[in-house]
Every structure is written in C-alpha cells, then in structure tokens.
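Heads up: the structure comes next, in structure tokens.
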Amino acid sequence: MSHGIPQDSVLGPILFLLFINDLIECCIPHSDIYLFADDAKLFRHITQNSDKTALQKCVNALQEWTQEWFLKLNASNCMVMSFGRNVENSYTNNILENSQIKLLVRTDHAKGSRDSIRRETFI
C-alpha cells in the first residue's frame, strides 16, 4: 500500500480521522463544513454574488485537497441543495471529474414545502 488507510483494521477509523483532520482548514476560509464519518457537508448562506463565488472556491479547495491526499471524490454523490423562499436557480456549482467539468445536481426546497423533503434523506 503506497497511501491511504488500511481497511478492516482496529485502528482504521482513528487513522481516517487523523488523515482528514486538515480538511476543515482548507474549506473554512470559503464556507462552513460539517463532517460525519466519511461524509462532508459544505454550506454557505447565499445573499450576494460573492457568496456564490466563495462556495465554488470551497468546492475547488475540497477537490484540490482530495487530489493532494490521493483520495477519490465520488462526484456522482455530490449535489447542491438550496433552501429558502426565493431560491435563485441561475448559478451553478461545478466539480472536476476525470479532467471534465461536471455540473453538480441541484435540488431546491422552498420554505414551507416540507412535503417534498423525506425524513429518511437526512438520517
């Protein structure tokens, strides 16, 4: 093994946490990030164009971090979710996958439309 965390070991989970410890530092200047196990949630309150740019910078920083540490980012599991009364659909977030720019899938939820959000999605 030239890099990564050994699978199915007792120390694997602890080593993984140490391995991703600096992920937060690479994203914090641009957006906030929550980590749980091997999932990361980037988020930013979008009120102006500079917020959109900052969120894309965070996505780019996350991608550079994964390349630096030889981790593969599964772009098919990446998506953008927007919440609010007046969700603007004119901006997009991109991610680079296999040297091609991929548009992230977008899901929008207007305030008050709780029927469209299933509880299982967030568990």
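Could you list all residues from region 92-107 that are open to solvent by less than 90 Å² (accessible area, probe 1.4 Å), modelled with pLDDT under 70 and not in a strand (DSSP E or B)? Correct list: LEU104 only.
Restricting attention to region 48-84, the residues that are more than 21 Å from LEU17 (Cα to Cα), over 11 Å from the mean Cα position of the chain (by Cα) and in a helix (DSSP H, G or I) total 8. In region 14-72, which residues are closer than 15 Å to ASN93 by Cβ and of a type in the set (Val, Ile, Thr)? Residues satisfying the conditions are ILE33, ILE46, THR53, VAL59. Taking the numbered list (1) modelled with pLDDT under 90; (2) out of contact with any Leu (no Cβ under 8 Å at 6 or more places or on another chain); (3) under 22 Å from ARG85 (Cβ atoms) in turn, LEU55 passes all entries but (2). Residue count for region 1-26, restricted to those that are assigned to a loop (DSSP other than H, G, I, E, B) and at pLDDT 80 or above: 5. Summed over region 78-90, residues that are open to solvent by less than 50 Å² (accessible area, probe 1.4 Å) and at pLDDT below 70 total 1.
The values are calculated or read from the model by the stated rules, or taken from the named source; none is laboratory data. What you see is a predicted model; the values in this text were computed from it and never measured. Cβ atoms come from the backbone with ideal geometry, glycine included; neighbour counts cover every protein chain shown. These area figures cover heavy atoms from the full protein model, side chains too; ligands, DNA and RNA do not enter into them. Shrake-Rupley method; radii C 1.70, N 1.55, O 1.52, S 1.80 Å.
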